[in-house]
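Notes for the one structure printed next.
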Amino acid sequence: MQQTLRFALFGNTYQEHKSAHVTHLLEILRRRKAQICISNEFYDFLRNHTKADLSGLEVFEGNSFSADMVLSIGGDGTFLKAASRVGKKEIPILGINTGRLGFLADVLPDQMEDAFDEIYQGNYLAEPRRVLKLTCNGHVLKGYPYGLNEIAVLKRDTSSMITIHAYINGEPLNVYQADGLVISTPTGSTGYSLSVGGPILVPQSGTISLTAVAPHSLNVRPIVIRDDWEITLDVESRSHNFLIAVDGRSETCREGTRLTIKRADYYVRIVKRCHHSFFNTLREKMMWGMDGRN
């Protein structure tokens, strides 16, 4: 007898031309008699901009939902937003990639039928991924202070470079003069961190990387540390403020605010198909070993 599963749907709200994928997904879930709930902003987007059949869907607001699995329909940005909404619930998240590169959302629309066959057979992995927590003394963060990918400290717009005093477990590491500093998890190492020259970290490595953005000194190089160590940052800026970006969610912070970054007390569980291999994903997404010469 087929089990009844409950799914919570999140999706991006700017790709109405790809609504056929949502329609197909809903058809797959309805055939299996699944219970489906959907975030109110995604529901409103589909109702106003697409012709998707939304009958029978349960609409929820904020983080007031429960499910056996969360479905993120979009790219990695959509996945990160869904992960922040799941938070400490630790509900497994499946990313369906209607975006571009997609390291987190890596199930393609034409793979959905096979993927859900495997899910209903229990033939999948829910990989636990570490999360970073940011705290700021004297400053109340407006957004969610947990990052699955990275926490970045950045200069504001066209202002001069900032000075970042970095400490590891209270011991001085370096004084960075740069446009910023990216502190990345292994999950985020193929994202923003990679684009500024950071190392690729294997998901199970138990590490964090620190990579400067456009450092003033050529001697500055990325460093990899254990993920149970604590990072403390003091920032100086000529404009007397700077940006904090947590998985792309940014806000302004005043100079003099001490930042503390450490491992969070929960995981984000990412659904992967059993034949998934991190190294295979690297070869496919980054075209390692490909030679375009004839």
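The values are calculated or read from the model by the stated rules, or taken from the named source; none is laboratory data. Small disclaimer: the values here were computed from a predicted structure and weren't measured. Note: ideal-geometry Cβ built from the backbone for every residue, glycine included; neighbour counts use all protein chains shown. Keep in mind that these areas ignore ligands, DNA and RNA; they rest on the heavy atoms of the full protein, side chains included. Shrake-Rupley method; radii C 1.70, N 1.55, O 1.52, S 1.80 Å.
Sites count as exposed loop sites when they are GluC sites (Glu not before Pro), lie in a DSSP loop, and have at most 16 other Cβ atoms within 10 angstrom; the longest stretch of the chain without one is 91-229. For the listed peptides 93-100, 73-80, a ranking on the average number of other beta carbons within 10 Å per residue, highest first, reads 73-80, 93-100. Each helix, a run of at least 4 DSSP H residues, gives -39500 (n - 2.57); summed and divided by the residues of the chain, these come to -5500 deg cm²/dmol at 222 nm. Note on region 1-133: with neighbouring protein chains present and a 1.4 Å probe, carbon and sulfur make up 46 percent of its accessible heavy-atom surface.
A prolate overall shape is assigned to region 223-279, the ratio a/c of its alpha-carbon gyration tensor axes (a ≥ b ≥ c) being 1.5 or greater and a/b exceeding b/c. Taking all Cα pairs closer than 8 Å and separated by 6 or more residues, the relative contact order of the chain comes to 18 percent. Note that region 1-130 presents 47 Å² accessible area per residue, ligands and nucleic acids not counted, probe 1.4 Å. Reported value for region 163-245: 90 Å³ per residue, from the convex hull of its C-alpha atoms.
Which trypsin sites (Lys or Arg not before Pro) does region 230-294 hold that lie in a coil by DSSP with at most 16 other beta carbons within 10 Å? Answer in residue order: 238, 293.
Shape class for region 19-99, computed from the alpha carbon gyration tensor (a ≥ b ≥ c): rounded, with a/c under 1.5.
A Cβ-based charge dipole, computed about the Cα centre of region 47-116 with Lys and Arg at +1 and Asp and Glu at -1, lands at about 380 debye.
Considering only 94, 212, 260, the residue lying farthest towards the positive end of the dipole of the chain is 260, judged by Cα position with unit charges set on Cβ. Among beta bridges identified by DSSP and lying wholly in the chain, the antiparallel ones come to about 75 percent. The loop-placed trypsin sites (Lys or Arg not before Pro) in region 1-89, going by DSSP, that have at most 10 neighbouring Cβ atoms within 10 Å of their Cβ come out as 33. Count Lys and Arg as plus one, Asp and Glu as minus one, and take only other residues whose Cβ is under 15 Å from that of residue 54; the net charge is then -3.
Counting only protein heavy atoms and a 1.4 Å probe, region 179-294 has 51 square angstrom of accessible area per residue. First check a/c for region 96-206, with a ≥ b ≥ c the square roots of the eigenvalues of its C-alpha gyration tensor; if it is under 1.5, answer rounded, and if not, answer prolate when a/b is larger than b/c or oblate otherwise. Judged from the Cα gyration tensor, region 96-206 comes out prolate (a/c at least 1.5, a/b above b/c). Over 25 Å apart at the Cα level, from the set 33/285; 133/155; 142/285, are 33/285; 142/285.
When the solvent-accessible area of region 172-217 is split by element, carbon and sulfur atoms take up 55 percent of it, the probe being 1.4 Å. Dipole check for the chain: with +1 at the C-beta of Lys and Arg, -1 at the C-beta of Asp and Glu, and the Cα centre as origin, the magnitude is about 120 Debye.
Positive-end ranking of 177, 138, 158 along the dipole of region 125-177, with charges on Cβ about the Cα centre, is headed by 138.
P(r) for the chain, from all Cα pairs and a bin width of 10 Å, is 6, 27, 31, 22, 12, 3, 0 %, short bins first.
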